[in-house]
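> Quick one: the structure is below, and I'll ask about it shortly.
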Amino acid sequence: MSIFDAATKYAMKNRPLIILAGHEYGAGSSRDWAAKGTRLLGVRAVIAASFERIHRSNLVGMGVLPLQFPDGTTAQSLGLDGSETFSITGLSNGIKPGQKLTLEIESKDGQERSVPMKLRIDTPIEIDYYRHGGILPFVLRQLLAP
């Protein structure tokens, strides 16, 4: 099954996707187009060991939540196999740059565990972009405001 088939399958079930990634996620990509494609495939969060600086910013600009594993933690070190379900706790309207969130992981056998994550929204304006679903909706709302 291709990534497009998988994304379509989850989109039809109205189930958001996350990406689990390694170091320097986004390095070598076409930057803004890579972030656009990610959002168009239904990805709502990227959890990585580290991010390429501009790509991280572009993800936020597209309304995709960038989260960073704690140092030394990766999808491999957690033993993830792709059958798990995930939820992110700690998100609220009062989120702050760099705050700690929690990734809740449930294995197919029902085992649950929690992993602390660092929110990689790094500036107050990026918080605004994310809250509005990306930079374009933010700018449009600013233009339409009375």
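The values are calculated or read from the model by the stated rules, or taken from the named source; none is laboratory data. Nothing here was measured: the structure is a model prediction, and the numbers come from that model. Heads up, the Cβs are rebuilt from the backbone with ideal geometry, glycines too, and the neighbour counts pull from every protein chain shown. Quick note on the areas: whole protein, heavy atoms, side chains included, nothing else; ligands and nucleic acids left out. Shrake-Rupley method; radii C 1.70, N 1.55, O 1.52, S 1.80 Å.
> Charges on Cβ only, +1 for Lys and Arg, -1 for Asp and Glu, centred on the Cα centroid of the chain; of Ser77, Gln142, Pro16, which one is farthest towards the dipole's positive end?
Toward the positive end, the furthest listed residue is Gln142.
> Would you mind pulling out the separation of the Cα centroids of the stretch 36-75 and the stretch 116-131, in Å?
Centre-to-centre (Cα) distance: 11 Å.
> Cut-off 16 Å, label point 7 angstrom out along Cα-to-Cβ of Thr74: give me the residues of the stretch 41-67 whose amide nitrogen falls inside.
47-52
> So which aspartates and glutamates can Lys118 reach, going by Cα to Cα under 20 Å and dropping same-chain residues fewer than 8 places off?
Cα-Cα hits under 20 Å: Glu24, Glu52, Asp71, Glu104, Glu106, Glu126, Asp128.
> By a straight-distance test (C-alpha under 25 Å), which lysines pair with Lys108 as possible cross-link partners, with residues fewer than eight away in the same chain excluded?
Lys9, Lys13
> Quote the relative contact order of the chain in percent (integer), defining contacts as alpha-carbon pairs under 8 Å separated by 6+ residues.
RCO, the chain: 21 percent.
> Could you give the length gained on full extension between Glu104 and Leu40, defined as 0.36 nm per residue of separation minus the Cα-Cα distance, in nm?
My answer for the length gained is 20.6 nm.
> Within the stretch 77-136, list the trypsin sites (Lys or Arg not before Pro) lying in a DSSP loop whose Cβ has at most 12 other Cβ atoms in a 10 Å radius.
Lys108
> What share of the DSSP beta bridges in the chain is antiparallel, in percent to the nearest 5?
Rounded to the nearest five, the antiparallel share is 60 percent.
> Right, here's the next one. For the stretch 5-146, what % of the accessible area comes from carbon and sulfur atoms, probe 1.4 Å?
Its accessible area is 54 percent carbon and sulfur atoms.
> What number comes out for accessible area per residue over the chain if the probe is 1.4 Å? Units Å², please.
59 Å²
> Shifting gears a bit: About the Cα centre of the chain, what is the dipole size in debye to 20, counting +1 per Lys and Arg Cβ and -1 per Asp and Glu Cβ, all else neutral?
440 debye
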